[in-house]
Amino acid sequence: MTGTSVAIASKYLLQGKVVGIPTETVYGLAASMYQPDAVKRIFDIKNRPVSNPLILHVADLESLEPLVKEIPPQALQLAAALWPGPLTMVFNRSERVPDIITGGQSTVAIRIPAHPLTLELLQTVKQPLAAPSANKYNYISPVTATAVEEMLGEEIPYILDGGPCQKGIESTIVAFRNGELQLLRQGAYTEMELRKVTGKRIVQEETDIRHPGMYKKHYSPHTPVIVMNEIKEVVNKLKPMRVALISFFNPYDHITVERKVVLSPKASLEEAAQNLYASLYQLDKESYDMIIAEKLPDTGLGRAMNDRLSRAAVPY
Ligand code: TXA
Ligand code: MG
């Protein structure tokens, strides 16, 4: 069932059930951290390996404190400037955080999401909520309650409908190592936005912790996706294959594929991010033989989108 009642969502969570929740990035599949069976259910519903850790969502810094060993000064800076918002930070975890959340690692990923309904829900349940994106493992993340209903509706009792996700792409994930900020996943906050807050460059080193960058095939529709730097007329020769094209702002009028989606006619990366997963999901339902996606400019949010597209794509 889908609805807008925080009271119903909260009741199910406290009963140890798994519930769909809206966030500003993508929809989440939530369970209370204190309900191990419900957390286990999340992995079952998603077909996700238990070694892949979950993000905890909390309402405020006060609720975060008991979950971590310490809060690095840079994390406090980032929290003050960017939370609630699409930033996930990785901390050394306290004893309170169950192994099932962290995949047995000594760290835990936490964020304060910026969606009013989910903040209200967190304040009501007064417990951290573990929530990965509400999709099957490796599939595209849902950005509307309807998409969650279609993907997982039969497996969960309630989806809290908070409207379409404002950002449309997952949170940026960072970790702190030896006083440096490490980027573990590109996301809805750009590197520039993080850098403005900390005044420091962000390193992208290989780490031994398990993080999203390790999972190469991800975020992918069932339809084969090909990413191209520019769309050339040779694409017209792909007929009789049924091809759909996703471009940034260019309508590619001289290309004659069966279906075209322009992510942002006004060339806004923010708007394109809002539409990316929704478009991939819609095209996947229309079952083309192939989706051709134009690579986005490799700056700002374009980088996060290119990261997702490259993981959705088949090599060609
Ligand atoms: O925007 C988001 O972050 C959404 C919404 C629902 O909050 N959530 C989300 O969760 O994208 P998920 O599970 O689909 O992706 C979280 C990623 C996982 O791939 C996992 O590898 C990484 O976060 N992660 C979780 N705990 C971690 C940890 N302790 N260290 C490093 N990476 C971690
Ligand atoms: Mg995910």
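Taking other C-beta atoms within 10 angstrom as a stand-in for reagent exposure, Glu258, Glu294, Glu286 fall in the order Glu286, Glu258, Glu294, fewest first. Per residue, the average separation of C-alpha pairs within less than 8 Å and at least 6 apart gives the chain a relative contact order of 20 percent. For the pair the range 1-63 / the range 113-137, the C-alpha centres are spaced 6 Å from each other. When the Debye formula is applied to the Cα atoms of the chain, each taken as the same point scatterer, what base-10 log of I(q)/I(0) results at q = 0.12, 0.14 Å⁻¹? Those come out to -0.79, -1.06, one per q. The GNM of the chain, with springs linking C-alpha atoms under 10 angstrom apart, assigns the highest mean-square fluctuation among Ile140, Ile231, Ile159 to Ile231.
Determine, for Ser32, Ser94, Ser220, the number of other Cβ atoms within 10 Å of each Cβ, and report the residues in order from fewest to most.
Going from sparsest to densest Cβ surroundings: Ser94, Ser220, Ser32.
In the range 135-279, what % of DSSP beta bridges are antiparallel (nearest 5)? Once the DSSP bridges in the range 135-279 are tallied, antiparallel ones form about 45 percent. Looking at the chain, send over the antiparallel percent of its DSSP beta bridges, to the nearest 5. Expressed as a percentage, antiparallel bridges in the chain total about 40. In this structure, the amide hydrogen of Arg177, modeled 1.01 Å from its nitrogen in the peptide plane, lies closer than 5 angstrom to those of Gln182, counting only residues at least 5 positions away or on a different chain. Residues Phe43, Phe91, arranged from fewest to most other Cβ atoms within 10 angstrom of their Cβ, appear as Phe43, Phe91. The gain in end-to-end length when the Ile71 to Ala267 segment is fully stretched comes to 66.7 nm, 0.36 nm per residue minus the alpha carbon separation. Considering only beta bridges that DSSP places wholly inside the range 39-111, some 60 percent are antiparallel.
No lab work stands behind these numbers, since they all come straight from the coordinates. Small disclaimer: the values here were computed from a predicted structure and weren't measured. A quick note on method: Cβ atoms are made from the backbone with ideal geometry, for glycine too, and the neighbour counts reach across all protein chains shown.
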